[in-house]
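Scroll down for the structure; my scribbles are underneath it.
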Amino acid sequence: MGETTTTLEGGWEWFKIRADIKRSTQENLFAQSKNRLSFTVRSSDFVTIRMGDFTPVLSPYLVEGKRVRGVGTDFNLKWLRLQTVSGELERPIQGYLTDDKSYKITDITTDSTGLPLYILDRRGYTFARQYIAGHLGINLFNRVHFGVFGQKAKDELGSVLPQLNSANFTVPDWQNSISVAGIDSGIYSFSNFETALQGVGSYELAKQNWGGEKPMDNIVGGFDFGFSFDDRRLVFESAWAMSMLNRNIWDGSMSIADLDTALDDSLDDYIGRSYDENGKVTSSGFSVEGLPDPSQFEDVFVANIYMTPLIPIDIQAIQETPLAAVMNMPSSAYNMKIRAFYYGNTIEMKYSQVGPEFKSLANPYLSSNLREFIFSDRFRVFDNKLSLGFEYKSRNNKILRTVVDPYKQKTSTTTMAFSPGAGMASFSGSFQNVQRTNEKTTLDTLIYTSYTGKDSISFIDNREDTQTKNRFFSVNVPIIGNGRRFNFLLTYNSVGVEDQLEAQRTPGHIQKAANSEALSLITSAKFASPLQTTLTLSRYKVQIPLPSSVTVSENESRLTTVGGNASYGLWGGKAKLSGGLSLLNATGISQFTFIGLNGGGELKPFGSLVLRASLSSKIKSTDEGIEVGTLAVKLSANYLF
């Protein structure tokens, strides 16, 4: 793997431009692009325009951490801010040309003339996903802000070609399906397959509803609101959003009649209305009268039976508890946060919820079906030299009433840090306890048929009641004298998991978490001469989850690391040489040794030109032999005009 990165910057105080180019050896037509090309223009603090590849951040409910290839604008007038994004989230991938990656023959039958008919299915592709988003915010007197945001991400149906002439696939033996002679079995390209069928038979490839990925459509809309008091010592922030996701837009939007029968089988101008055997209404549902025809808004969102949610709100719940029904809509997400800065305290309280059906195709990292409450306080004294912190976090997935065996997790964390000043010893530490449970109290029963043909019963223990303790300590000691500077950093971390139901578990039960312990010492030295050195020693031990019948010593892995690096300056700082050696030894369940070598240099021949070169390699030694694991070479040149 190799990458080449180039950055060009220029401009004045009021106008700046920047170009970033990254070329990767991993770039290929059968995966999403690894190359990056971006161009940014800034005019003071008011206008920013990005073109090419960039990662916009409009809202965690819209796009965050996802690369977009297109154009992004940011107009910021302090009291008014408009952000827009338009481009492509995913580029189209037609599919691999190797055997059966893009096509598969699902059936061989005969057509109306009695000749062989081969049924083909398309697969292994990725649709182009177009994206547009915006956020408009108003800031009044730097105290109150309100904003609205929205996005649309939709797959392009025409971005994937039905026919790939060079794609290979397997043609099975026709004798297993029909009595009329077909073509010989074997591997064919699409073009050769068409040629072979001439005068022999035909093939059928559907124009849509292929067996690969389904094209999707997604819209998200919402607002954010906040205010502050007392010179921003007290701040309130909130946001709410709702999503609509269609997982299959092959057939387009539904009609009013389709909407009528979406939740029931009766075409009665009511959605969700049910009747008993005598025709009496047992569930009222709601009328379709006055509802817009989904087919008229197909350009905004494709609505059909594959959309989530089909009905945004629980009809039964809104009749019983309207407020709870609105707050717990499965496709909504919201958060509320209060921050206070008083008397050396930074106090924060946050409540957030993401429904199980909330989905943003532009933010795959957002966890759904999650409710969370956080309270934290950080207290600083002695001119911020000593800080004490506490955080309590509670999270669960009991958003809908229909959730079976919801989990609960409570986390409490205490932190402490002391840093008296430069050149003095400092330390930090944290203590964390995590309690995780679910509401399951009995074992699950699995009934299956064994190879003997007899029904068998097995029990699965999905109960959860664990307590995890996480401890961390760090001490940093600098020593300065006689033109020399030494620094010693000692860290210790341990994670222990206790199963509160261990006494009730069966002998073959496997825990879902592992215990670990780590200790490391890093020393660095800087001498009066242009010599700098670093020495690292570490020890890591982890217990791999195995059945309880296995002893502790049998399920441990231990990693020991020793490493050293040194650099030496030449020619008054115009050049520098560096090198290092590291050794990683693993014992226990896994046994191997890694030897790492690295070296490099830096040269400043003139002006602001800096040339750098580095080489690194890893050698792996196991019982099977010795092999070179990785070899990396990096060259770079920087020049500041």
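The values are calculated or read from the model by the stated rules, or taken from the named source; none is laboratory data. Since we're looking at a predicted model, the values are computed, not measured. So basically every Cβ, Gly included, is an ideal-geometry build from the backbone, and we count neighbours across all protein chains shown.
Scanning the stretch 440-481 for residues that are within 30 Å of ILE522 (Cβ to Cβ) and surrounded by 14 or more Cβ atoms within 10 Å (Cβ to Cβ) returns THR468, LYS469, ASN470, ARG471, PHE472, PHE473, SER474, VAL475, ASN476, VAL477, PRO478. Kindly indicate whether any position in the stretch 579-590 is loosely packed, with under 14 Cβ neighbours inside 10 Å and modelled with pLDDT of 90 or more. Scanning the stretch 579-590 turns up at least one residue that is loosely packed, with under 14 Cβ neighbours inside 10 Å and modelled with pLDDT of 90 or more. Just one of the listed residues (SER529, SER524) is part of a loop (DSSP other than H, G, I, E, B) and farther than 26 Å from THR442 by Cα, and it is SER529.
Can you find even one residue in the stretch 48-62 that is charged (D, E, K, R) and either more than 19 Å from GLY134 (Cα to Cα) or not in a strand (DSSP E or B) (or both)? For the stretch 48-62, residues charged (D, E, K, R) and either more than 19 Å from GLY134 (Cα to Cα) or not in a strand (DSSP E or B) (or both): absent.
Taking the stretch 1-48 as the range and being modelled with pLDDT of 90 or more and over 26 Å from PRO92 (Cα atoms) as the test, the residues that pass are PHE15, LYS16, ILE17, ARG18, VAL41, ARG42, SER43, PHE46, VAL47, THR48. The condition of being in contact (Cβ under 8 Å) with a residue 24 or more places away in the chain and within 29 Å of ALA528 (Cβ to Cβ) holds for only one of ASN470, ASN493, ASN482, that being ASN482.
So that you can scan it fast, the table gives a plain yes or no per residue for (1) at pLDDT below 85; (2) polar (S, T, N, Q); (3) under 29 Å from TRP571 (Cα atoms):
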position: ASN482; (1), (2), (3): yes, yes, yes
position: PHE488; (1), (2), (3): no, no, no
position: VAL495; (1), (2), (3): no, no, no
position: GLU498; (1), (2), (3): no, no, no
position: ARG505; (1), (2), (3): yes, no, no
position: ARG539; (1), (2), (3): no, no, no
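Residues of the stretch 43-73 being among the charged types (D, E, K, R), surrounded by 14 or more Cβ atoms within 10 Å (Cβ to Cβ) and over 26 Å from PHE358 (Cβ atoms), which ones? Walk me through how you get there before you give the answer.
Looking only at the stretch 43-73, we keep the residues that are among the charged types (D, E, K, R), and these are 45, 50, 53, 64, 66-67, 69.
Narrowing the set further to residues that are surrounded by 14 or more Cβ atoms within 10 Å (Cβ to Cβ) leaves 50, 53, 64, 66-67, 69.
Across the stretch 43-73, the qualifying residues are ARG50, ASP53.
For the stretch 189-212, does any single residue satisfy the condition of being in contact with a Gly (Cβ under 9 Å, 6 or more places away or on another chain) and without any contact (Cβ under 8 Å) to a residue 40 or more places away in the chain? Scanning the stretch 189-212, I find no residue that is in contact with a Gly (Cβ under 9 Å, 6 or more places away or on another chain) and without any contact (Cβ under 8 Å) to a residue 40 or more places away in the chain, so the answer is no. Taking the stretch 393-428 as the range and being without any contact (Cβ under 8 Å) to a residue 60 or more places away in the chain, under 29 Å from the mean Cα position of the chain (by Cα) and either over 28 Å from GLY355 (Cβ atoms) or loosely packed, with under 14 Cβ neighbours inside 10 Å (or both) as the test, the residues that pass are THR402, VAL404, THR414, THR415. Listed by first and then second residue, the pairs linking a residue in the stretch 168-184 that is in contact (Cβ under 8 Å) with a residue 12 or more places away in the chain to a residue that is exposed (fewer than 12 other Cβ atoms within 10 Å of the Cβ) and of a type in the set (D, E, K, R), with Cβ atoms under 8 Å apart and 6 or more places separating them unless they lie on different chains, are VAL171/ASP184. Taking the criterion of being closer than 19 Å to THR4 by Cα and of a type in the set (A, V, I, L, M, F, W, C), the residues of the stretch 32-54 that qualify are LEU37, PHE39, PHE54. Please find, within the stretch 151-210, the residue that is surrounded by the fewest Cβ atoms within 10 Å (Cβ to Cβ) out of those that are aliphatic (A, V, I, L, M) and closer than 30 Å to GLN83 by Cβ. Selected residue: LEU157. Restricted to the stretch 95-115, and to residues there that are part of a strand (DSSP E or B) and in contact with a Phe, Trp or Tyr (Cβ under 6 Å, 6 or more places away or on another chain), the residue that is farthest from SER177 (Cα to Cα) is TYR103. For the stretch 303-331, the set of residues classified as touching a helix residue (DSSP H, G or I) at 6+ places or on another chain (Cβ under 8 Å) and either closer than 20 Å to PRO215 by Cβ or modelled with pLDDT of 90 or more (or both) consists of ALA303, ASN304, ILE305, listed by residue number.
The number of residues in the stretch 377-416 being within 25 Å of SER428 (Cβ to Cβ) and charged (D, E, K, R) comes to 8. Which numbered condition trips up SER524, out of (1) under 30 Å from PHE427 (Cβ atoms); (2) touching a strand residue (DSSP E or B) at 6+ places or on another chain (Cβ under 8 Å); (3) surrounded by fewer than 16 Cβ atoms within 10 Å (Cβ to Cβ)? Every condition holds for SER524 apart from (3).
Considering only residues that are over 15 Å from PHE149 (Cα atoms) and surrounded by 11 or more Cβ atoms within 10 Å (Cβ to Cβ), which ones fall in the stretch 225-236?
Passing the criteria: PHE227, SER228, PHE229, ARG232, ARG233, LEU234, VAL235, PHE236.
Given the criteria within 35 Å of the chain's Cα centre (by Cα), closer than 30 Å to ALA241 by Cα, small (Gly, Ala, Ser) and modelled with pLDDT of 85 or more, does SER368 qualify?
Spelling it out, SER368 is indeed within 35 Å of the chain's Cα centre (by Cα), closer than 30 Å to ALA241 by Cα, small (Gly, Ala, Ser) and modelled with pLDDT of 85 or more.
The residues of the stretch 372-416 that are over 18 Å from ARG436 (Cα atoms), of a type in the set (Asp, Glu) and not in a strand (DSSP E or B) amount to a single one, ASP383.
Checking every residue in the stretch 459-481 against the condition of being closer than 30 Å to THR587 by Cα, in contact with a Leu (Cβ under 9 Å, 6 or more places away or on another chain), of a type in the set (A, V, I, L, M) and part of a strand (DSSP E or B) gives at least one match. If only residues of the stretch 113-126 that are within 28 Å of the chain's Cα centre (by Cα) and surrounded by fewer than 22 Cβ atoms within 10 Å (Cβ to Cβ) are counted, the one that is farthest from PHE301 (Cα to Cα) is ARG123.
Taking the stated definitions as given, is LEU8 surrounded by fewer than 13 Cβ atoms within 10 Å (Cβ to Cβ) and among the aliphatic types (A, V, I, L, M)? It is true that LEU8 is surrounded by fewer than 13 Cβ atoms within 10 Å (Cβ to Cβ) and among the aliphatic types (A, V, I, L, M).
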